[in-house]
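Quick notes on the structure that follows.
The values are calculated or read from the model by the stated rules, or taken from the named source; none is laboratory data. Everything quoted here is computed from the prediction, not taken from an experiment. Ideal geometry is used to build each Cβ from the backbone, glycine not excepted, and the neighbour counts take in all protein chains shown. We work out accessible area using only protein heavy atoms, side chains counted, and drop any ligands, DNA or RNA first. Shrake-Rupley method; radii C 1.70, N 1.55, O 1.52, S 1.80 Å.
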Amino acid sequence: MNSINELKYWSVSLTAIITILIFLCFTLTQVLVVSAFSYLYPDISYENLAYGNLGLISIFSSTVGLLVLVAFIRLKKINLTRYLNISIPKVKITIFFIFLSFFLMLLMELISNKYPHFFDSDFVIDSYKNANSLPLFYLGVVLFAPFFEECLFRGFLFKGLEKSFLGGHGAVFVSSILFALVHVQYGIPILLFMLLPFSILLGYARWKSGSLLLPVLIHVINNLMTCIITHSEVY
């Protein structure tokens, strides 16, 4: 028989199914937004519209994804902040994981500089170079997208996995693998040697701090640093 604590949350199987549904809503919104731009600007290619409006696409799709996620949590009639573990992390563990994330970012930058062709990604450069509005690009890519992704993977999905037989370690690795897989557009080398280790770090930051806000903060910092580095390369 399930314990009272387990009944408060979606089961691991339903958590997985709901996570897929939420991500499908997120992806479908992206397609619809680009399709709307394609209707308004028929002379511009679909790919260029996607690159040029990535910031707006991220804002709209992340907002829809978050609304659907919140709707599913509300069905359980449990406090949203409690379900997603939205709380202020302790200063000591926050400093530790931020330092660790900077070390990992520096290591990845050194490796990518040593093997530039192996870790080259046209997606990052093209989306930044062709952005119609850099402020909107930063808003969508640096704030909205990380917040939605962390709420889904290190919030909702992590909770369901952690409360199952997988426990904390299992929740970290399963959520990290799935997070890396949905970023396949960056290429397999980046996915395996950069995104997966970074995602594992985010997972342990969430688990050890007991707070979703810490991986959100680290994710935002990482995306901001990536944008700043890309800006220096493009301009």
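Values for this structure:
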{"item": "Size of charge dipole - the chain - debye, nearest 20, with Cβ of Lys, Arg +1 and Asp, Glu -1, no other charges", "result": "1220 debye"}
{"item": "For the chain, built as a Gaussian network whose Cα springs stay under 10 Å, the top-fluctuating residue of Arg154, Arg74, Arg206", "result": "Arg74"}
{"item": "Sequence of Glu47, Glu162, Glu150 from largest to smallest accessible area, 1.4 Å probe", "result": "Glu47, Glu162, Glu150"}
{"item": "0 to 90° range, to nearest 10: angle between helix 54-74 axis and the chain longest Cα axis", "result": "10 degrees"}
{"item": "Long-range lysine pairs (8 or more apart or interchain), the stretch 89-235, Cα under 20 Å", "result": "5"}
{"item": "Hz values of 3J(HN,Hα) by residue in the stretch 16-33 - Karplus curve (6.51, -1.76, 1.60), Gly and Pro given as x", "result": "5, 5, 5, 4, 4, 4, 5, 5, 5, 4, 4, 5, 4, 4, 4, 4, 5, 5"}
{"item": "FRET efficiency for Leu139 and Phe165, using Cβ-Cβ distance with R0 set to 30 Å, rounded to 0.05", "result": "0.15"}
{"item": "Where only C-alpha atoms are counted, convex hull volume of the stretch 13-119 per residue in Å³", "result": "173 Å³"}
{"item": "Table column - 3J(HN,Hα) (Hz), the stretch 194-211, Karplus curve with 6.51, -1.76, 1.60, x for Gly and Pro", "result": "10, 5, 5, x, 5, 5, 5, 4, 4, x, 6, 4, 5, 5, 6, 8, x, 9"}
{"item": "Surface per residue (accessible, 1.4 Å probe) for the chain, Å²", "result": "53 Å²"}
{"item": "Heavy atoms of Val33: accessible area, 1.4 Å probe, square angstrom to 10", "result": "20 Å²"}
{"item": "Rounded percent of accessible protein surface that carbon and sulfur make up, the stretch 1-90, 1.4 Å probe", "result": "70 percent"}
{"item": "Three semi-axes of the equivalent ellipsoid, the chain, Cα gyration tensor, whole Å, largest first", "result": "30, 23, 15"}
{"item": "Structure-based [θ]222 nm, the chain - -39500 (n - 2.57) summed over DSSP H runs of at least 4, per residue, nearest 500", "result": "-22000 deg cm²/dmol"}
{"item": "Fluctuation leader among Gly55, Gly210, Gly65 - the chain, Gaussian network, Cα springs under 10 angstrom", "result": "Gly210"}
{"item": "With all protein chains modelled, accessible area of His183 [1.4 Å, Å²]", "result": "20 Å²"}
{"item": "Accessible surface of the stretch 158-222, 1.4 Å probe, proportion on carbon and sulfur as whole %", "result": "76 percent"}
{"item": "Separation of the Leu107 and Phe123 label points, Cα + 7 Å toward Cβ, nm", "result": "2.3 nm"}
{"item": "Crossing angle, helix 91-114 versus the chain [Cα axis fit, 0-90 degrees, rounded to tens]", "result": "40 degrees"}
{"item": "Accessible-area value, Val91, 1.4 Å probe, nucleic acids and ligands omitted, Å²", "result": "110 Å²"}
